[in-house]
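First comes the structure, then the notes that go with it.
Values in this text are rule-based calculations from the coordinates and carry no lab data. Please read all numbers here as calculations on a predicted model, not as lab measurements. A quick note on method: Cβ atoms are made from the backbone with ideal geometry, for glycine too, and the neighbour counts reach across all protein chains shown.
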Amino acid sequence: MEVGEEWGPVEFTVYKDQLVRYAGASDDYNPIHYDDEVARSFGLPGVIVHGMLNVGLMMSFVSDNLPQGWRLKGCSMRFRQMVEPGRRLEMRARVRNIDNDLAGLEVELHERDQRPSITGRVTIEKRG
């Protein structure tokens with residue numbers, strides 16, 4: 001692993017059926033995530049993906065790409081814009097710094113050729 005190294009991009013799509021399963025798993029039954037009519041009544045274009053579902057997918061991507069002997073230590077994410085189900089998304093990570101047994105990553109989720117929907121930083125550490 002080196003500073004500047006990039007992981008991804010990885011492309012994926014979140015579908016409406018995943019939103020319902022995530023609602024059950026997370027106990028987040030806000031209807032803006034599964035009922036288009038309710039979502040539109042709040043001025044949304046339709047249902048939107050749970051922000052934390054996207055964060056979970058991003059952290060899984062980071063975890064799957066960790067070099068041997070490294071593990072997740074923490075993360076900080078910023079939600080920048082909504083994600084609609086059925087859209088083709090990309091996520092990527094870039095190693096921004098390495099300091100002994102800690103490393104910092106910048107992560108990003110966005111629709112292809114669009115502004116980021118989520119940006120964040122992830123800290124990883126070498127296993128003792």
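General observations
- Only a single criterion out of (1) hydrophobic (A, V, I, L, M, F, W, C); (2) closer than 20 Å to Ser117 by Cα; (3) exposed (fewer than 14 other Cβ atoms within 10 Å of the Cβ) is not satisfied by Leu53, namely (3).
- For the range 93-103, the set of residues classified as closer than 21 Å to Ser117 by Cβ and surrounded by fewer than 17 Cβ atoms within 10 Å (Cβ to Cβ) consists of Arg94, Arg96, listed by residue number.
Let's see how each residue does on (1) charged (D, E, K, R); (2) over 30 Å from Arg127 (Cα atoms); (3) in contact with a Ser or Thr (Cβ under 8 Å, 6 or more places away or on another chain):
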residue: Gly8; (1), (2), (3): no, no, no
residue: Ala23; (1), (2), (3): no, yes, no
residue: Ser26; (1), (2), (3): no, no, no
residue: Val38; (1), (2), (3): no, yes, no
residue: Val47; (1), (2), (3): no, yes, no
residue: Asp64; (1), (2), (3): yes, no, no
residue: Gln68; (1), (2), (3): no, no, no
residue: Leu89; (1), (2), (3): no, yes, yes
residue: Leu109; (1), (2), (3): no, no, yes
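- In the range 36-50, the residue that is farthest from the chain's Cα centre (by Cα) out of those that are more than 21 Å from Leu109 (Cα to Cα) and either surrounded by 14 or more Cβ atoms within 10 Å (Cβ to Cβ) or aliphatic (A, V, I, L, M) (or both) is Val38.
- Of the residues making up the range 56-83, those that are part of a loop (DSSP other than H, G, I, E, B) and either in contact with a helix residue (DSSP H, G or I) (Cβ under 6 Å, 6 or more places away or on another chain) or under 24 Å from Asp113 (Cβ atoms) (or both) are Arg80, Gln81, Met82, Val83.
- Screening the candidates Gly86, Gly46, Gly8 for the property of being small (Gly, Ala, Ser), touching a strand residue (DSSP E or B) at 6+ places or on another chain (Cβ under 8 Å) and part of a loop (DSSP other than H, G, I, E, B) yields one hit, Gly86.
- Scanning the range 89-116 for residues that are over 28 Å from Ala39 (Cα atoms), assigned to a strand (DSSP E or B), without any contact (Cβ under 8 Å) to a residue 60 or more places away in the chain and of a type in the set (D, E, K, R) returns Asp99, Glu106.
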